[in-house]
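Just so it is clear, none of the values below were taken in a lab; they were calculated from the coordinates. Not measured: the values here are computed from a predicted model. A quick note on method: Cβ atoms are made from the backbone with ideal geometry, for glycine too, and the neighbour counts reach across all protein chains shown.
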There are 2 protein chains.
Amino acid sequence: MTRFAFLLLFSLSALLAQDPLFSAAGEFSRPQNYREWIYLTSGIGMNYGSDTESAQPAFDNVFVKPEAYRVFVNTGQWPEKTVFVLEVRRSESHGSINRAGRFQTDVLAVEATVKDSARYPEGWAYFAFGSGDALLEKTKSLPQKSACNQCHRANAAVENTFVQFYPTLLEIAKAKGTLNPRFSQSAPSAK
Amino acid sequence: MTRFAFLLLFSLSALLAQDPLFSAAGEFSRPQNYREWIYLTSGIGMNYGSDTESAQPAFDNVFVKPEAYRVFVNTGQWPEKTVFVLEVRRSESHGSINRAGRFQTDVLAVEATVKDSARYPEGWAYFAFGSGDALLEKTKSLPQKSACNQCHRANAAVENTFVQFYPTLLEIAKAKGTLNPRFSQSAPSAK
């Protein structure tokens, strides 16, 4: 039995080491092609802590892996290995023919979320790849006590994801009945 | 020869009638799956005519057909049958945990652009599918004197497209040398 357990452990380690999303040291690689994934939404100047409007609000664009999106469309739930990318871009105004409003320019930051219950007891882990021109190639997950983890766990509409801000997915979650009970109760008028 | 010309005309008509993008009457069908195309950018409150900021600025999300995107990545130019969709969505604030900034909600309008030099002398045509809950299933192109046509023709960075506002494509157009000469000269500091 001991030998069997050892073999099992060894096989599991080998399996985890082969995971294309993670290095053997458990670091997650920054996705290179997320701009070709499925787009979910953009916000501008989104702030969850303060009601002070930014004079230079950044856009945030949300993308999800196509295979995870297709599962969500059919079930209203996220499969294991779901990956989200949050891309933050500088906003500008009065460029080219633009005279009001704001448009997107440089990348300011890239973050990611991964659903992987085998690696993370909470199921979801968060990754910050730094900012601007010095984006990290790979990184370990933020601690489970991070602001990202705590806020998503407490406030997300579906599992740990802010589907309340993804208009096309919110309709699907309502139709499939997969909104988190706490979210449904706290936001009865959410549409 | 007359008979040959008639046959040629007949064949051309049959070919055009079979075009999956257009009805026999030349109406363009509103794309149903554009949210699964390639995302290019979003703006908010974008105004080209007035510098008055809107109190209720709308988001606009731009998508392009994946096959056209792949050609552009390789060449910096758009192939025939390129289709863009501009989706306009209402913005809201102070929903769920949001305390500042704006996020996207309902669809306000859907518009499209098609490159089809066989149908349109200018190469590009513009389509407005109306607004909100009453989107048209198909429509004819706007007249070539429309504000859309005139503004794109005069101000676009690549062919008739506002690549100056699509940050990932602007880099490609600069690398491939496909910026319109007038755009390059009028915006020497554009990056």
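Descriptive notes on the structure:
- Dividing the helix sum by the residues of chain B, where each DSSP H run of 4 or more adds -39500 (n - 2.57), gives a mean residue ellipticity at 222 nm of -8000 deg cm²/dmol.
- Between 0 and 90 degrees, the angle of helix B:2-17 with respect to the longest Cα principal axis of chain B falls at about 30 degrees.
- With R₀ set to 56 Å, the beta-carbon distance separating A:Q144 from B:E122 gives a calculated FRET efficiency near 0.50.
- Packing-based exposure ordering (other Cβ within 10 Å, fewest first) of B:F183, B:F103, A:F63: B:F183, A:F63, B:F103
- For the options B:A24, B:A125, B:A173, a Gaussian network treatment of chain B with springs between C-alpha atoms closer than 10 Å singles out B:A24 as fluctuating the most.
- Listing A:Y166, B:Y48 from fewest to most neighbouring C-beta atoms within 10 Å gives B:Y48, A:Y166.
- Remark: spin-label model distance A:A154-B:A24 equals 6.3 nm, labels positioned 7 Å along the Cα→Cβ axis.
- Going from the fewest other Cβ atoms within 10 Å to the most, the residues B:T139, A:T113 appear in the order B:T139, A:T113.
- Model label sites at A:A109 and B:L136, defined 7 Å from Cα along the beta-carbon direction, differ in position by 4.4 nm.
- Furthest towards positive pole of dipole, A:I38, A:A128, A:F162, structure part the protein assembly as shown, Cβ charges: A:I38
- The magnitude of the dipole of the range B:21-175, with charges of +1 and -1 set on the Cβ of Lys/Arg and Asp/Glu and taken from the Cα centre, is near 140 debye.
- When its C-alpha radius of gyration is set against 2.2 N^0.38 Å (N residues), the range A:20-142 gives a value of 1.18.
- Inter-centroid distance (Cα atoms) of the range A:65-93 relative to the range B:99-133, Å: 23
- Length-normalised contact order of chain B in % [C-alpha pairs under 8 Å, at least 6 apart]: 16
- For A:K174, the lysines whose Cα comes closer than 24 Å to its Cα, not counting residues fewer than 8 places off in the same chain, are A:K65, A:K81, A:K115, A:K191.
- Acute angle (nearest 10 degrees) that the helix B:167-176 long axis makes with the longest principal axis of chain B, alpha-carbon atoms: 50
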